[in-house]
Amino acid sequence: MWRRTWFLLFLIRVYFALQPSYLHPDENFQGPEVIAGRIFSYPVHLTWEFTSTKPIRSSFPLWLAYGFPMYLLRWLWEGFGYEEVSPSVVYWTLRVLMVLLSIVLEDWAVLELVQSPRRYRVALPLIASSYVTWTFQSHTFSNSLETLLVAWSLVLIGRIVEDKKRSAVFASSLLGFLVVVGVFNRITFPAFLVLPSFTLLPHFRRKPFSLVFLILFTALTAFIGISVDTAFYTTAPFSFSALFRHPVITTLNNLKYNSSVTNLAQHGIHPFYQHILINLPQLLGPAFPLLFFYSRLIPTVRLASAVSGIILLSLIPHQEARFLLPAVPLILSSIRLPRNFTRAWLSTWIIFNLIMGILMGVYHQGGIVPVQMYLAKEDANVTHALWWKTYSPPIWLLNGKNEHLTTLDLMGMPGPSMLDELKSITSCEHRNSIKSPSGSNELVYLVAPRSAHFLHPYTDPDSETEIKLEEIWSYRWHLNLDDLDFGDDGVWPTLKRVVGDRGLVVWRVRNQCSAKQGS
């Protein structure tokens, strides 16, 4: 029965992996966009983490996770005689890759960690039915990679501890490699291994040779990681002399940056209880109350890993829910289902994850990627695309259109200021045109959610406004949760506007000002 349940959940995971929801800009700007620009020469937008004098993001895990698949895809594409790989193909390939990594590596790790057939028949379907697995784990987040790295580090720790007769050299060496990749991927990675690592001490006392290989491979992998980053961030040809003179150690830069409260304040300061009382319930839903009943928990190394990670990450002022992704499968594989109301709890669990799965896996900023793919095929006369009240669009999906299509991210700019931007760009002399010395007919687009009712007067062709918006294309499955304004509009009117008028719209901008004003 549990195998059929798992197979059904396998199909659900693949379904959500093939949905274009956009959970956070970091899933593009801190991963695929960076590497795609190097491998396929797509014009890309590099964020400050990669362009500052002391970069804080390592390219080493990005090459391992995304670089190798992109190179393989390009080799296969060219081998079959096709032209250059389009960004859309790369995008969906990486989505399929992430869900396959989750299905194979995460589930395999759970089987090794749980071991008891009675318990993993509960743990596997429970993890596979979590919306976190459906959505976050199928997206290209560093946190999603961290989840796999933490799980397999625990597997290797377990193998080393259980090997009483041999030194477990291979497992120790692989653990050293994974730990370094994990740290280069996210500087907070060791937080999840603090408590489990103490179980290794008796083994290292008995088998010091195992510790030697752990240190050796840790140092070797760190050297490779620093070399890769130095070559990535240095414009001059790579040389070992330059590596030793001016190494780029992104992990050290990251640690220094995140040690400053002033720096973290730019990204948001949260109370110490944010992870435990707000973020964890968002991720676990009905499973969260079970954490407070010891009889519902199974004390394990994986639970110790989750606890150490949550506690240590709670000491950092900036706290986002996705930072706790590695803890989710560890906790779900360590809880017992309630005996007295199992069916009621399971029904609540299913309803919660279906709602959150559809919300986060289908609708959440779901129109951004389809709009970018639409713009990549649009008329060459489109020269400006202004994005308002959405997440930052991934530039690399424009398939080279960046050379003549300027993307402006207006974020949540106030409506009047947004109109000023439109007026400063569009020209009065020519219908649908942009100010241009050549006077050519160059189109300007505004991309905004339909729920932005501020735009209504400008979409009416009979209105007397200077700016006119003509709908060109739209994507229905898009919700802008950042546009919720319960304080000013009230709960029901806000939900009616955001949910009822869901969708992302591409508007053609026209400026009806006089010729004198436009000159």
* Structure fact -> The correct pair for the stretch 255-385, radius of gyration to one decimal and Dmax as a whole number, both in Å and from Cα atoms, is 19.9, 66
* To do: Find the Cα radius of gyration of the stretch 135-194, compare it with 2.2 N^0.38 Å by division, and give the number to two decimals.
  => 1.21
* Gain in span if fully extended, F341 to K496, counting 0.36 nm per residue against the direct Cα distance -> 52.3 nm
* To do: Compute, for Y42, the solvent-accessible surface of its heavy atoms (probe 1.4 Å) with the complete set of protein chains present, and express it in square angstrom to the nearest 10.
  => 10 Å²
* Structure fact -> Computed curve, the chain, Cα-only Debye sum without solvent term, log₁₀ I(q)/I(0) at 0.08, 0.09, 0.12 Å⁻¹, is -0.58, -0.73, -1.22
* **Ordering of 145-151, 185-191 by burial proxy (mean other Cβ atoms within 10 Å per residue, highest first)** => 145-151, 185-191
* Have a look at L100, S86, P208 and report the one farthest towards the positive end of the charge dipole of the chain, computed about the Cα centre with Cβ charges (Lys/Arg +1, Asp/Glu -1). => P208
* For q = 0.12, 0.25, 0.26, 0.27 Å⁻¹, Debye-computed log10 I/I(0) when each Cα of the stretch 92-167 counts as one equal scatterer -> -0.37, -1.16, -1.21, -1.26
* 13 Å Cα cut-off, lysine pairs counted over the chain (separation 8 or more, or different chains) -> 6
* To do: Please list the radius of gyration and Dmax for the stretch 8-63, considering alpha-carbon atoms only, with Å as the unit.
  => 14.5, 49
* List the extent of the Cα atoms of the stretch 117-242 along each of their three principal axes, largest first, rounded to whole Å. => 57, 43, 20
* To do: Heads up, I need the accessible area for I350: 1.4 angstrom probe, whole protein in place, Å², nearest 10.
  => 100 Å²
* **Helix-derived mean residue ellipticity, 222 nm - over the chain, DSSP H n ≥ 4, -39500 (n - 2.57), to 500** => -14500 deg cm²/dmol
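Can you list which of the DSSP-assigned H helices in the chain have a Cα extent of 15 Å or more along the long axis and an average Kyte-Doolittle score of at least 1.0?
87-101, 142-162, 169-185, 208-233, 301-314, 342-358
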* Structure fact -> Computed over all unlike Cα pairs, the Kirkwood hydrodynamic radius of the stretch 41-109 in Å stands at 14.2 Å
* Which percent of the Cα-Cα distances in the stretch 1-116 go past 26 Å? -> 33 percent
* Semi-axes of the equivalent ellipsoid of the stretch 352-392: what are they in whole Å, largest first, if each equals the square root of 5 times a C-alpha gyration tensor eigenvalue? -> 29, 11, 4
* Sequence of F184, F192 when ordered by accessible area, the most exposed leading, probe 1.4 angstrom -> F184, F192
* Asked: the stretch 112-171 to the stretch 50-110: how many Å between their Cα centroids?
  -> 22 Å
* Asked: Can you give the Kirkwood hydrodynamic radius of the stretch 318-416 from its Cα pairs, in Å with one decimal?
  -> 17.5 Å
* Please report how far the C-alpha centroid of the stretch 397-413 lies from that of the stretch 330-359, rounded to the nearest whole angstrom. => 41 Å
* Asked: Considering only protein heavy atoms and a 1.4 Å probe, what is the carbon-and-sulfur percentage of the accessible area of the chain?
  -> 64 percent
* To do: Among DSSP beta bridges whose residues both lie in the chain, state the antiparallel percentage, nearest 5.
  => 60 percent
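When N is the residue count of the stretch 285-346, what does its C-alpha Rg come to as a fraction of 2.2 N^0.38 Å?
On the way: Rg = 12.7 Å, N = 62, 2.2 N^0.38 = 10.6 Å.
In units of the 2.2 N^0.38 Å rule of thumb, it is 1.21.
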* Give the dimensionless ratio obtained when the Cα radius of gyration of the stretch 31-185 is divided by 2.2 N^0.38 Å. => 1.21
* Asked: What's log10 of I(q)/I(0) for the stretch 191-312 at q = 0.10 Å⁻¹, Debye sum over Cα points only, no solvent?
  -> -0.59
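The values are calculated or read from the model by the stated rules, or taken from the named source; none is laboratory data. Note that the structure is predicted; figures quoted are calculated from it, not measured. Reconstructed Cβ throughout: ideal geometry from the backbone, glycine too, with neighbour counts over all protein chains shown. Accessible surface is based on the protein model in full, side chains and every heavy atom, while ligands, DNA and RNA are left aside. Shrake-Rupley method; radii C 1.70, N 1.55, O 1.52, S 1.80 Å.
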